[in-house]
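S.K.: Mind having a look at this structure? Questions to follow.
The values are calculated or read from the model by the stated rules, or taken from the named source; none is laboratory data. Predicted, not measured: the structure shown is a model, and the values here were computed from it. Cβ sites come from the backbone with ideal geometry, for glycine too, and all protein chains shown count toward neighbours. Remember, those area values only see protein heavy atoms, side chains included, never the ligands or the DNA or RNA. Shrake-Rupley method; radii C 1.70, N 1.55, O 1.52, S 1.80 Å.
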Amino acid sequence: MFKFFWALLLVIITSNPSYASTVEVEQAELRERLGCKASGLELCYVNAVYNANSKLHVLNFNANVEELNPDVSMPDDFLRELAIQLLVKFNPDAASFYGIEPTLRHIIDESTYAADKIAIGISGSYKGKPLVGYAKHGSDEVISSFISSKVEYGSITPLELLLSPCKRIESLENTGEISKLSPEQYKEVCGFEREREVP
C-alpha cells in the first residue's frame, strides 16, 4: 500500500507542468540498506527523483519523529536537523561545508547523476500532523557555499516544497506578468539553475 501511495504521488507530481521533467532514479544499494521495507527502521529511504528544471537529485526519506525522539518539543526543527545530517552523509559539497566526509556517498549510484546535486527530502508526522521538508546545498556569487533547509506542516511533497519559490515565478512568466528571467536571474531568485534555451 505504501509503495502504491508513493507511485501515485509521483504520477501526480510529474503530470503537473512544473514537475513534468521529474523522473524516478533507481538507487538499489540505498534501497537495500535503508529502504522502508526493512522492518524496525524509524528513518528509512523511500525513493529518489531527479528534476531536470532544478538539476536536483532528491533522496526522499520517511521519519517516525515520535519513535526517533519521544521527547521532541519542536518536531519541525528536529526534522530539519535530521535532513541536514542526511545531506552531509551523501552530498560531498554539503559535507565539505562542515569540513567532514560524506560517509554514505559510496552507496549512491552516481552513474547518471552526481552526488554533489543531491538534496534530501524528508517526510514524517507528529501527533497525527504531516510534516514535510528538505535540505540542500547551494552556492552563488555572494556566498560561495550554503545549506538551506525548510520544514512545514502539510501534505505536499518535499520536491513541491523545494520548487515552490520557482513555481510562482514560472506562473508569472507564463501569464506574461513578468518577462522571462535569464538563467542567472532565475538561479538568484529560485536557488536553482535553469536550463538554457537552445535557439
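S.K.: Looking at Ser148, Ser125, which one is touching a residue at least 24 places away in the same chain (Cβ under 8 Å), part of a strand (DSSP E or B) and more than 13 Å from the chain's Cα centre (by Cα)?
M.R.: Every option except Ser125 fails the conditions.
S.K.: Further, regarding this structure: Name the residues in segment 78-98 that are part of a loop (DSSP other than H, G, I, E, B) and in contact with a strand residue (DSSP E or B) (Cβ under 6 Å, 6 or more places away or on another chain), would you?
M.R.: Selection gives Asn91 alone.
S.K.: Is it true that some residue in segment 121-128 is under 14 Å from Asn53 (Cβ atoms), among the hydroxyl-bearing types (Ser, Thr, Tyr) and open to solvent by less than 60 Å² (accessible area, probe 1.4 Å)?
M.R.: No; the residues of segment 121-128 include none that is under 14 Å from Asn53 (Cβ atoms), among the hydroxyl-bearing types (Ser, Thr, Tyr) and open to solvent by less than 60 Å² (accessible area, probe 1.4 Å).
Here is a yes/no grid of residues against (1) surrounded by 14 or more Cβ atoms within 10 Å (Cβ to Cβ); (2) of a type in the set (Asp, Glu); (3) modelled with pLDDT of 85 or more:
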| residue | (1), (2), (3) |
| --- | --- |
| Pro130 | no, no, yes |
| Gly133 | yes, no, yes |
| Lys136 | yes, no, yes |
| Ile143 | no, no, no |
| Thr157 | yes, no, yes |
| Lys167 | yes, no, no |
| Glu170 | yes, yes, no |
| Lys187 | yes, no, no |
| Glu197 | no, yes, no |
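S.K.: Only one residue in Leu104, Leu87, Leu59 is hydrophobic (A, V, I, L, M, F, W, C), at pLDDT 95 or above and over 29 Å from Lys129 (Cα atoms). Which one?
M.R.: Leu104
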